[in-house]
Amino acid sequence: MSQQGNFNFEARGDEQGYTRWLTGRRVVVQELARRLGLPLDHQVEVWLCGGIRLRGKPRLQEEILFIEEERVRHLGLVVDHVAFTFREMESCVRKD
């Protein structure tokens with residue numbers, strides 16, 4: 001006898017689950033940005049190694065929910081359509 005259940009695609013489910021997941025993800029990203037001193041969704045001027053200057057609103061390169069503490073240096077960011085890692089950033093100054 002199989003214990004495997006089946007999906008009931010006709011059942012009326014609660015769509016609030018996805019909304020709660022998105023809200024939880026946003027809270028996690030905001031907390032990480034606060035701890036790193038990274039002003040996500042604000043105008044910034046970023047200086048990268050090698051004298052490269054970017055202006056724009058920083059965002060995460062990938063939509064992720066869990067960020068391991070030891071991997072923060074490898075965190076992918078994007079400003080002005082240019083991707084880079086957190087460790088490549090020399091400075092980030094909020095301009096607004």
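The values are calculated or read from the model by the stated rules, or taken from the named source; none is laboratory data. As the structure is a prediction and not an experimental result, all values here were calculated from the model. So basically every Cβ, Gly included, is an ideal-geometry build from the backbone, and we count neighbours across all protein chains shown. Accessible surface is based on the protein model in full, side chains and every heavy atom, while ligands, DNA and RNA are left aside. Shrake-Rupley method; radii C 1.70, N 1.55, O 1.52, S 1.80 Å.
Odds and ends about this structure:
- When the test is whether a residue is at pLDDT 85 or above, open to solvent by 80 Å² or more (accessible area, probe 1.4 Å) and part of a helix (DSSP H, G or I), R34 passes it.
- The stretch 55-71, residues that are open to solvent by 100 Å² or more (accessible area, probe 1.4 Å), modelled with pLDDT of 70 or more and assigned to a loop (DSSP other than H, G, I, E, B): K57, E62, E63
- Among (1) out of contact with any Ser or Thr (no Cβ under 9 Å at 6 or more places or on another chain); (2) open to solvent by 40 Å² or more (accessible area, probe 1.4 Å) - the single one W47 does not satisfy: (1)
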